[in-house]
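The values are calculated or read from the model by the stated rules, or taken from the named source; none is laboratory data. Just so you know, these numbers come straight off a predicted model, no measurement behind them. Cβ placement follows ideal geometry from the backbone for every residue including glycine, while neighbour counts extend to all protein chains displayed.
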Amino acid sequence: MKTFDHDKMEAGFYLAGEDTFGNRTFDLRMRKPNSDDLIAPPALHSTEHMLAEAFRTSEAADKVVYVGPMGCRTGFYVLLNKIDFDDALQLTVRCVQNALAMPGVPFSSRKECGACAEHDYAGARRELTKYFALLKNL
């Protein structure tokens with residue numbers, strides 16, 4: 001994994017690392033690190049469900065290894081197999097757009113989610129809308 005200076009890093013889309021199997025970790029940085037502007041846990045949780053579903057049902061589903069939140073609550077990691085930066089960025093734009101089109105949070109019922117009471121669909125939509133605008137300007 002690459003080391004980033006989190007005091008200088010801005011919200012954006014970054015290649016964080018690559019392993020010997022061709023898996024690349026992309027940093028979907030939605031917030032500036034080390035600021036007081038963190039994603040609220042319920043919105044982060046819902047955004048995770050929405051992004052994971054968008055990536056898993058995308059045209060590149062066979063390349064998706066993992067989608068998960070950063071513990072620092074500033075974004076997400078997406079691990080993709082054998083995909084270059086530009087293709088990963090365009091895939092991410094489409095997945096964020098598809099997540100925004102979801103009528104609710106997928107897999108958020110008590111049977112499907114271990115923290116079903118901690119979701120914020122409206123908050124997730126705000127986060128995804130803001131990130132979509134940022135991605136479109138990269």
If you go through region 65-78 one residue at a time, do you hit one that is in contact with an Asp or Glu (Cβ under 8 Å, 6 or more places away or on another chain) and more than 13 Å from residue 28 (Cα to Cα)? no
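Criterion first (crowded, with 17+ Cβ neighbours inside 10 Å and touching a Pro at 6+ places or on another chain (Cβ under 6 Å)) does residue 74 satisfy it?
Values: crowded, with 17+ Cβ neighbours inside 10 Å: yes; touching a Pro at 6+ places or on another chain (Cβ under 6 Å): yes.
Considered against the rule, which asks whether it is crowded, with 17+ Cβ neighbours inside 10 Å and touching a Pro at 6+ places or on another chain (Cβ under 6 Å), residue 74 comes out as yes.
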Please go through region 79-89 and pick out each residue that is assigned to a helix (DSSP H, G or I) and either crowded, with 17+ Cβ neighbours inside 10 Å or touching a residue at least 60 places away in the same chain (Cβ under 8 Å) (or both). 85, 88, 89
So which residues in region 1-45 are surrounded by 20 or more Cβ atoms within 10 Å (Cβ to Cβ), aromatic (Phe, Trp, Tyr) and assigned to a loop (DSSP other than H, G, I, E, B)? none
Name every residue in region 56-78 that is within 25 Å of residue 117 (Cβ to Cβ) and in a helix (DSSP H, G or I), in order of residue number. 56
For region 4-37, what are the residues that are among the small types (Gly, Ala, Ser) and free of Cβ contacts under 8 Å to residues at least 60 places away in the same chain? 17, 35
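Against the definition (under 22 Å from residue 38 (Cα atoms) and either more than 11 Å from the chain's Cα centre (by Cα) or at pLDDT 95 or above (or both)), how does residue 64 come out, yes or no?
The answer is no for residue 64.
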Going through region 115-138 in order, the residues found to be aliphatic (A, V, I, L, M) and either exposed (fewer than 14 other Cβ atoms within 10 Å of the Cβ) or under 17 Å from residue 27 (Cβ atoms) (or both) are 115, 117, 122, 128, 133, 134, 135, 138
So which of 40, 101, 60 is more than 23 Å from residue 19 (Cα to Cα) and touching a residue at least 24 places away in the same chain (Cβ under 8 Å)? 40
Across region 90-114, the tally of residues that are surrounded by 18 or more Cβ atoms within 10 Å (Cβ to Cβ) and assigned to a helix (DSSP H, G or I) stands at 5
